[in-house]
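Single-structure report; data block below.
Every read-out reported here was derived from the displayed coordinates using simple, explicitly stated rules and does not represent laboratory data. As the structure is a prediction and not an experimental result, all values here were calculated from the model. Here the Cβ positions follow ideal geometry from the backbone for every residue, glycine too, while neighbour counts run over all protein chains shown.
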Amino acid sequence: MAGQGVSTGTPGGGTAKMVVLALAAMASLVGVSAVVVTSSIAAFTDSTSTSGNSFTAGTVDLIDDDLDAVMFSVPDLVPGQAVSDCILVTYQGTVADPAAVKLYSGGYTDSGDLGTYLNLTIEEGNGGSFGNCAGFVPDSIIEMGGTLADFDTTHTDYATGAGLWDPAATPDTKTYRVTVSLDAAAPDSEQGESVTALTFAWEVQS
């Protein structure tokens, strides 16, 4: 029709161009995201492990051959008289090389002060057994002639105990010969006095 202008553009052309540009931008972002995700995945993996681990505590164990009998039960001891007995101690713990075995006093009851007149000698060695020192051969003297009272005061626990035996295997054994004598100079006032409930204690640590 005369008087009407002819448009050479497409209706809404500006809007269409913006839509195309937005889609292109979105496609570009999607492509970038895809690249990032793909590059974060490891191509190879590997692992190793050890299983079934366990721990068991070792043991230190001492026994003796007294069968719950007493070493000494001596009535009517007189000045100058000495009595001896032996006991076999065995280490049988699972710890193959423990620390040394120590001997100390477990205490006693004294009706007076007889313990100050009882002289004590203790030897470590081999041979013999409880109640029978036949065949005993000493290695060392770990207590030499001091009084029972002194031994009881000086050797009170493992840290202050006497002894040199250091088991280097399991089982291992050592014989102890204990000699007790009433001092020849014991006064008349000690007549009838007694020491009872005397305990010798052996201890080992790892």
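Within the shell defined by Cβ-Cβ distances under 12 Å, the residues around Thr156 carry a net charge of -3, with Lys and Arg each +1 and Asp and Glu each -1.
Arranged from fewest to most other beta-carbon atoms within 10 Å of their beta carbon, Phe55, Phe151, Phe136 become Phe55, Phe136, Phe151.
Maximal additional length on extending the Val70-Thr56 stretch stands at 1.4 nm, based on 0.36 nm per residue less the C-alpha distance. Residue order for Thr175, Thr160, fewest other beta carbons within 10 angstrom first, comes to Thr160, Thr175. Computed from backbone phi, the HN-Hα couplings of the range 71-78 come to 6, 10, 8, 10, x, 6, 5, 10 Hz, rounded to whole numbers (Karplus: 6.51 cos²θ - 1.76 cosθ + 1.60, θ = phi - 60°; Gly and Pro given as x).
Fully extending the segment from Asp139 to Asp113 would add 6.2 nm, taking 0.36 nm per residue of separation and subtracting the current Cα-Cα distance.
Shown here are the Rg and Dmax of the Cα trace of the range 38-165, at 25.8, 102 Å.
How long is the gain from Ser206 to Ser189 if the chain were fully straight, where each residue apart is worth 0.36 nm and the alpha carbon distance is subtracted? Walk me through the intermediate numbers first.
Numbers: separation 17, 0.36 × 17 = 6.12 nm, distance 4.59 nm.
Extra length available between Ser206 and Ser189 comes to 1.5 nm.
Round to a whole angstrom and tell me the spacing of the C-alpha centers of the range 162-206 and the range 81-133. Answer, in whole Å: 3.
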